[in-house]
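First the structure, in the form of structure tokens, and then the observations on it.
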Amino acid sequence: MSVAEPDPSSAALFEVFFTLGFEGACLHADGLIQRANPALEAIFGAARGALDGRSLVSLVDPGHASLLADLLERSDGSSHELKGLGPQPLQLEARFAGLGEGRGLMLVRDLTERKAREAALRQHAYYDAVTGLPNRALMLERLGRLLGEGPAADSLTLVAVLDLDRFKMVNESLGQGLGDGLLRDVARRIQRVLRQSDMLARLGGDSFGLMMIGFKRREDTLAAIRKVLDALQPPFTAKDQPVHLEGSLGYALYPGQGPDAERILRQAEVAMLKAKTLGRNRAQGYEEGMEAGQVDRLSREQELRLAIERCEFVLYYQPQVSPAGQILGMEALVRWQHPEKGLVMPDSFIPLAEETRLILPLGDWLLREACRQGRAWLDQGLAPVPISVNLSAQQFQKPNLPGQITKILEQTGFMADYLDLEITESVAMQDPYFAMAMLKELVSMNLSSSLDDFGKGYSSLAYLMRFPVKTLKLDQSFVQEIGKDVKSVAIIKASIDLAHQLGMKVVAEGVETREQLNYLRAQGCDKLQGFLFSRALPAEEVQVHLAKGKIELTF
């Protein structure tokens, strides 16, 4: 098949895209490719010149042929996603621009890897890594859809929370590996007594959620609950020894309780706590007024919710310095500027925020405010300084976290390469494969990442080597034992040596004495953070230190 020569003006435009090389491009006439650049050939796995003369429709999935024809006809420069036919199925973003007389320019980006990463992130966001069960987020989503449809005639929905009694003691005696195995065994036992339409989820720790629909009578729901508790009665096996497990179960019924997913699940949790106080290994339905014993907690939750809405929080910043005192970074730390109690430290409200999932809006505010302040310091003519922000487990597990951070950076004007995201070692090890995927996505955006509280969870070395983190933060409990405990000192030295061998920097937290400073300096610790140099400071005081670029010892 002969191919018409490209129009000179079209060819000139094509040369721009040909030489840039980051985007697939081709000139086409009447639906036939006149010339394709190497980037497009690479996308489709074609040899040099092999695409020339082929029809555009031969490059896409037959199901998208009509869409391609429509895009070619319009050729208005708008982008659309198409399925491509390469050595492997392709996810493509294509734009078509008309050049007149049947000619046009097609630009193509390969989205295949990005789409695969997004799918993996979505999978990990909605399923528990240990048991493979749906997690709390997916249960709430499905329950919300069900409640949104309204109550079915003569049909009851049971929402239950099962908490294994004294499982923490069992887990500590057996170790986490065997404990996780027991959780999987519990899940399998319960699933055997459920119907196909029932849903079992792992809510976290040793708590499971149940959603069971279509009951005609209250007695039927009680019989289903009894089956679940009875499933735990035969002993489990670990280390060839019998392990006896019991559970406390709380439940709420719809219609009757609710009216929204969060509320009805919370009511089931309240009922479960009541079951524990009545002697454990029993079921308890939610009753009106049962939450009276939690009035204080609910009051504090409402107070915290209003504080987030009213922006009653401020950020303080603690310097991270070299052993000589040069400022190398800042860690953003949240405080609650309470209208009556004054400045409230995070230990007083962060646990409640995490328990109630208010940590999500609070964490979003913290991230945005840190970026805003970093940009403000730059606008004042100060040298750029990396800012570290702690991500909660719930924030880190959000599949849209990368997109959210991108939006915040665009809106605040702060630079990605000066934002350091910290996750704790325990968060990373909850689901190492998800952590690796998410961290790789964040690093691809030029963000830095740090592993906080290192040493407390004893990460697998194999995982640590694969985590794309730039910094390890030694837990302050080890630093405070310098000069007191030989084992802690050995852990510090080994951690610093390991991190440096893996090309990572090390931050020591909680440095308060010259003895600690001297030891850490001798071991080559890269950054130090603690009261020896500075407490956490409000932004206006930090500005003074940034102007100097260095902090002298406070004592």
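Here are some notes:
- Test for Ala223: is it part of a strand (DSSP E or B), over 28 Å from Val170 (Cα atoms) and in the same structural domain as Leu164 (by TED's automatic domain parsing): no
- Pick from region 128-147, criterion in a helix (DSSP H, G or I) and hydrophobic (A, V, I, L, M, F, W, C), ranking: farthest from Leu200 (Cα to Cα): Leu147
- Filter result (in contact with a Phe, Trp or Tyr (Cβ under 8 Å, 6 or more places away or on another chain) and at pLDDT below 80) within region 46-77: Leu71, Leu72, Arg74, Ser75, Asp76, Gly77
- Taking every residue in region 268-281 that is assigned by TED's automatic domain parsing to the domain that holds Phe208 and closer than 9 Å to Gly250 by Cα and pairing it with any residue that is among the aromatic types (Phe, Trp, Tyr) and in a helix (DSSP H, G or I), at least 6 positions away or on another chain, yields no pair with a Cβ-Cβ distance below 7 Å.
- Criterion (part of a helix (DSSP H, G or I), at pLDDT 90 or above, among the small types (Gly, Ala, Ser) and under 29 Å from Tyr254 (Cβ atoms)) met by exactly one of Ala160, Ala125, Ala187: Ala187
- Near pairs, Cβ below 8 angstrom, 6+ apart or cross-chain, from region 170-198 (under 13 Å from Ala238 (Cβ atoms)) to any residue that is surrounded by 16 or more Cβ atoms within 10 Å (Cβ to Cβ) and of a type in the set (Ser, Thr, Tyr): Leu183/Thr131; Arg184/Thr131
- Any chance Pro242 is assigned to a loop (DSSP other than H, G, I, E, B) and free of Cβ contacts under 8 Å to residues at least 60 places away in the same chain: no
- Flag for Leu27 being under 19 Å from Asp110 (Cα atoms), in contact with a strand residue (DSSP E or B) (Cβ under 7 Å, 6 or more places away or on another chain), at pLDDT 75 or above and in a strand (DSSP E or B): yes
- Looking only at residues of region 383-424 that are among the acidic types (Asp, Glu) and in contact (Cβ under 8 Å) with a residue 12 or more places away in the chain, we find that the one that is surrounded by the fewest Cβ atoms within 10 Å (Cβ to Cβ) is Asp417.
- Residues of region 258-281 satisfying the condition of being crowded, with 21+ Cβ neighbours inside 10 Å and over 29 Å from the mean Cα position of the chain (by Cα): Ala271, Ala275
- Looking across region 236-257 at every residue that is modelled with pLDDT under 80 and within 21 Å of Leu222 (Cβ to Cβ), the one that is surrounded by the fewest Cβ atoms within 10 Å (Cβ to Cβ) is identified as Gly256.
The values are calculated or read from the model by the stated rules, or taken from the named source; none is laboratory data. Computed from a predicted model, the values in this text were never measured in an experiment. With ideal geometry, Cβ positions are generated from the backbone for all residues, glycine too; neighbour counts draw on all protein chains shown.
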